[in-house]
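Enquirer: The structure follows.
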Amino acid sequence: MRNLGKHLVFLYRSDSTVYTIYTHKSQRNNMNLIIKQRSSEPIYQQIARQIRNQIIEGELEADDQLPSIRGLAKDLKISIITTKKAYEALEADGWIYTLQGRGSFVAPKSSEIIREENLRKIEFSLSEVKRLAGQIGLSEDEVMEMYRDAQKEEV
């Protein structure tokens, strides 16, 4: 479904809906959200996680305006309470800030926040590597050799 008046695109998959939200015609960055209705993760957490990841990846930049709480709720066809909860979680963690009467904006990147988030991702990835290596009987030395090979390929 396409609605060019609102600049909203819906792409349907079996258990999720992909939403591309265009907040302002002048804004260069679009916010893509995938809402999985059957996920055990609450929708507000799905929204907050995806916005946070788009900030980390640089897809949303400091001072970019986010959709209004009401507008996002309407576009996603969810409760205003759900979008408000997502924005409150992002604001509490320092990812966005809100100016009364003007809206919510991406906060300037704190290198410490980005560092902590990336450290969490690395820890998760390392746990997954350890689990997978254990399943196929790879030794720590073999895993480290794979890492060194990957490092060489990037240079």
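Enquirer: Only one residue in TYR97, TYR87, TYR147 is aromatic (Phe, Trp, Tyr) and over 27 Å from ASN30 (Cβ atoms). Which one?
Expert: TYR147
Enquirer: Look through region 93-130, keep the residues that are of a type in the set (A, V, I, L, M, F, W, C), in contact (Cβ under 8 Å) with a residue 40 or more places away in the chain and not in a strand (DSSP E or B), and return whichever of them is surrounded by the most Cβ atoms within 10 Å (Cβ to Cβ).
Expert: Applying the filter and picking the extreme gives TRP95.
Enquirer: Condition (residue is free of Cβ contacts under 8 Å to residues at least 60 places away in the same chain, surrounded by 14 or more Cβ atoms within 10 Å (Cβ to Cβ) and in contact with a helix residue (DSSP H, G or I) (Cβ under 6 Å, 6 or more places away or on another chain)) applied to region 137-144: is it met by at least one residue?
Expert: There is at least one residue in region 137-144 that is free of Cβ contacts under 8 Å to residues at least 60 places away in the same chain, surrounded by 14 or more Cβ atoms within 10 Å (Cβ to Cβ) and in contact with a helix residue (DSSP H, G or I) (Cβ under 6 Å, 6 or more places away or on another chain).
Enquirer: If you don't mind, there's one more thing I want to ask. Hey, among GLU91, GLU57, which residue is modelled with pLDDT under 95 and within 15 Å of the chain's Cα centre (by Cα)?
Expert: Step by step, each of GLU91, GLU57 is checked, and only GLU57 is modelled with pLDDT under 95 and within 15 Å of the chain's Cα centre (by Cα).
The values are calculated or read from the model by the stated rules, or taken from the named source; none is laboratory data. Quick caveat: nothing in here was measured; it's all calculated off a predicted structure. Counting neighbours? That spans all protein chains shown, and the Cβs are built from the backbone with ideal geometry, glycine included.
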